[in-house]
């Protein structure tokens, strides 16, 4: 007769059989995630792995789940490294997952896609949030390595295109575990300083792993909170990061970012010359239009009855001018006479002055009397001669 055992003994026996099996102790299992639940309090993950015909319960403890580079989701196909065992209390056959990998796609790429979808859903990539770049910036903030080639490329391009602008560098590490926090902090400091008109976050070319720090969520949120326009210039043209989607403008290279940030001096000169020529042409055209209009009015006035009316008014105006001129001359003569009279009235009337005038008059009268006496004497000479002839016998 079979030995009678308890349920606990059965579960313990089966569990021991599974635990001592080397094949089941380290197993790679492919399946689709179903009924995924992550306990908010403990952090443990509970789900099922299934295929077309069967399913098995799975557990992933918090210490292992924290090492994942992506977030497991419902319906995701994965490959897990696990050990098969039996949960003794419930008699549940299940697997304990130590690590998990996306099936057909890398974990880093999956984490990138998941973060991208998350931020896009929150509106961090929305076009209406993009800010326009200033046309003529006075100061540009740079977030890059102080020893990298990206800084020299930006300085060379800006010095050639628009040397009047100033550069404010916030030096950071552009790779490594602490680089994400440094870059996010540098963006915030430049934005709050109020000294810059726009910000460039730049890094030269490198491998995918070297540029991966710019996919950090903390950098994306710092760029989204930035109130100044931000230009992302990471790697080369084929390299895309999360920061490229959040930034107001994306440049394929640091040199291209410098070209986007400042205008071209030579192009501005050409624009000013074109404006000057257009202004001159418009002024000349307006003058020609005014001149032609005046010529037409003059022709109409000379040919029409309005010319005669204008001539009459002109004659009347000229006559009035002549009369006014004569009146002015008369008034001037009167003024001169009045002035002379005033001068006479102002002559001194002292006794000495009257005596002098009286003597002058006496002297003048005495001279006149002498002249008149001579004249009479000359007239009397012929008469005396005649009397003497008549007296001779």
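The values are calculated or read from the model by the stated rules, or taken from the named source; none is laboratory data. Source: prediction; values computed, not measured. Neighbour counts are summed over all protein chains in view; Cβ atoms, including those assigned to glycine, are modelled from backbone coordinates with ideal geometry.
Across the range 174-197, what is the number of residues that are farther than 18 Å from residue 234 by Cα and part of a loop (DSSP other than H, G, I, E, B)? Give the steps one after another, and end with the answer.
Going through the range 174-197, the residues farther than 18 Å from residue 234 by Cα turn out to be 188-197.
Add one more test, that the residue is part of a loop (DSSP other than H, G, I, E, B), and what stays is 194-197.
Counting residues in the range 174-197 that are farther than 18 Å from residue 234 by Cα and part of a loop (DSSP other than H, G, I, E, B) gives 4.
So how many residues does the range 124-139 have that are out of contact with any helix residue (DSSP H, G or I) (no Cβ under 7 Å at 6 or more places or on another chain) and in a loop (DSSP other than H, G, I, E, B)? Steps first, please.
So the first thing to find is which residues in the range 124-139 are out of contact with any helix residue (DSSP H, G or I) (no Cβ under 7 Å at 6 or more places or on another chain), and the list is 126-132, 134-136, 138-139.
Imposing the further condition that a residue be in a loop (DSSP other than H, G, I, E, B) reduces the set to 126, 130-132, 134-136, 138.
Number of matching residues: 8.
Each row is one residue, and each column tells you yes or no for (1) at pLDDT 90 or above; (2) within 27 Å of residue 175 (Cβ to Cβ); (3) exposed (fewer than 15 other Cβ atoms within 10 Å of the Cβ).
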| residue | (1), (2), (3) |
| --- | --- |
| 89 | no, no, yes |
| 92 | no, no, yes |
| 132 | yes, no, yes |
| 135 | yes, no, yes |
| 138 | yes, no, yes |
| 161 | yes, no, no |
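One residue is enough: does the range 62-74 have a residue meeting the conditions at pLDDT below 90, in contact with a helix residue (DSSP H, G or I) (Cβ under 9 Å, 6 or more places away or on another chain), assigned to a helix (DSSP H, G or I) and within 30 Å of residue 247 (Cβ to Cβ)?
No.
Select from the range 222-253 the residues that are in contact with a strand residue (DSSP E or B) (Cβ under 8 Å, 6 or more places away or on another chain), crowded, with 18+ Cβ neighbours inside 10 Å and part of a loop (DSSP other than H, G, I, E, B) and list them in ascending order.
Result: 226, 228, 229, 235, 241, 247, 248, 251, 253.
If you go through the range 311-327 one residue at a time, do you hit one that is at pLDDT below 75, assigned to a helix (DSSP H, G or I) and either loosely packed, with under 10 Cβ neighbours inside 10 Å or under 60 Å from the mean Cα position of the chain (by Cα) (or both)?
No: the range 311-327 contains no residue that is at pLDDT below 75, assigned to a helix (DSSP H, G or I) and either loosely packed, with under 10 Cβ neighbours inside 10 Å or under 60 Å from the mean Cα position of the chain (by Cα) (or both).
Can you tell me which residue is nearest to residue 117 (Cα to Cα) among those in the range 184-196 that are touching a strand residue (DSSP E or B) at 6+ places or on another chain (Cβ under 8 Å) and buried (at least 18 other Cβ atoms within 10 Å of the Cβ)?
187
What number of residues in the range 142-173 are closer than 17 Å to residue 199 by Cβ and assigned to a helix (DSSP H, G or I)?
Of all residues in the range 142-173, those closer than 17 Å to residue 199 by Cβ come to 142-146, 148, 150-151, 153-155, 157-158, 162, 165-172.
From what is left, the residues that are assigned to a helix (DSSP H, G or I) are 150-151, 153-155, 157-158.
Adding up the residues that qualify gives 7.
So, of the residues in the range 261-294 that are assigned to a helix (DSSP H, G or I) and in contact (Cβ under 8 Å) with a residue 24 or more places away in the chain, which turns out to be surrounded by the most Cβ atoms within 10 Å (Cβ to Cβ)? Break it down stepwise before answering.
Let us first name the residues in the range 261-294 that are assigned to a helix (DSSP H, G or I), namely 261, 265-294.
Checking which are in contact (Cβ under 8 Å) with a residue 24 or more places away in the chain leaves us with 261, 265.
Numbers: 261: 28, 265: 12.
Here the residue is 261.
Could you check the range 1-47 and list, in sequence order, the residues that are in a loop (DSSP other than H, G, I, E, B), touching a helix residue (DSSP H, G or I) at 6+ places or on another chain (Cβ under 9 Å) and surrounded by 13 or more Cβ atoms within 10 Å (Cβ to Cβ)?
Across the range 1-47, the qualifying residues are 43, 44.
Go over the candidates 111, 117 one by one and state the one that is touching a residue at least 40 places away in the same chain (Cβ under 8 Å) and part of a helix (DSSP H, G or I).
On the way: 117 fails: touching a residue at least 40 places away in the same chain (Cβ under 8 Å).
Every option except 111 fails the conditions.
Report yes if residue 84 is under 21 Å from residue 29 (Cβ atoms), without any contact (Cβ under 8 Å) to a residue 60 or more places away in the chain, in contact with a strand residue (DSSP E or B) (Cβ under 7 Å, 6 or more places away or on another chain) and buried (at least 18 other Cβ atoms within 10 Å of the Cβ), otherwise no.
Details: under 21 Å from residue 29 (Cβ atoms): yes; without any contact (Cβ under 8 Å) to a residue 60 or more places away in the chain: no; in contact with a strand residue (DSSP E or B) (Cβ under 7 Å, 6 or more places away or on another chain): yes; buried (at least 18 other Cβ atoms within 10 Å of the Cβ): yes.
So residue 84 does not fit the description; no.
Return yes when residue 210 is at pLDDT below 95, surrounded by fewer than 19 Cβ atoms within 10 Å (Cβ to Cβ) and under 18 Å from residue 147 (Cβ atoms) and no when it is not. If you could, list the steps in order and put the result at the bottom.
On the way: at pLDDT below 95: yes; surrounded by fewer than 19 Cβ atoms within 10 Å (Cβ to Cβ): yes; under 18 Å from residue 147 (Cβ atoms): yes.
Against the criterion (at pLDDT below 95, surrounded by fewer than 19 Cβ atoms within 10 Å (Cβ to Cβ) and under 18 Å from residue 147 (Cβ atoms)), residue 210 qualifies.
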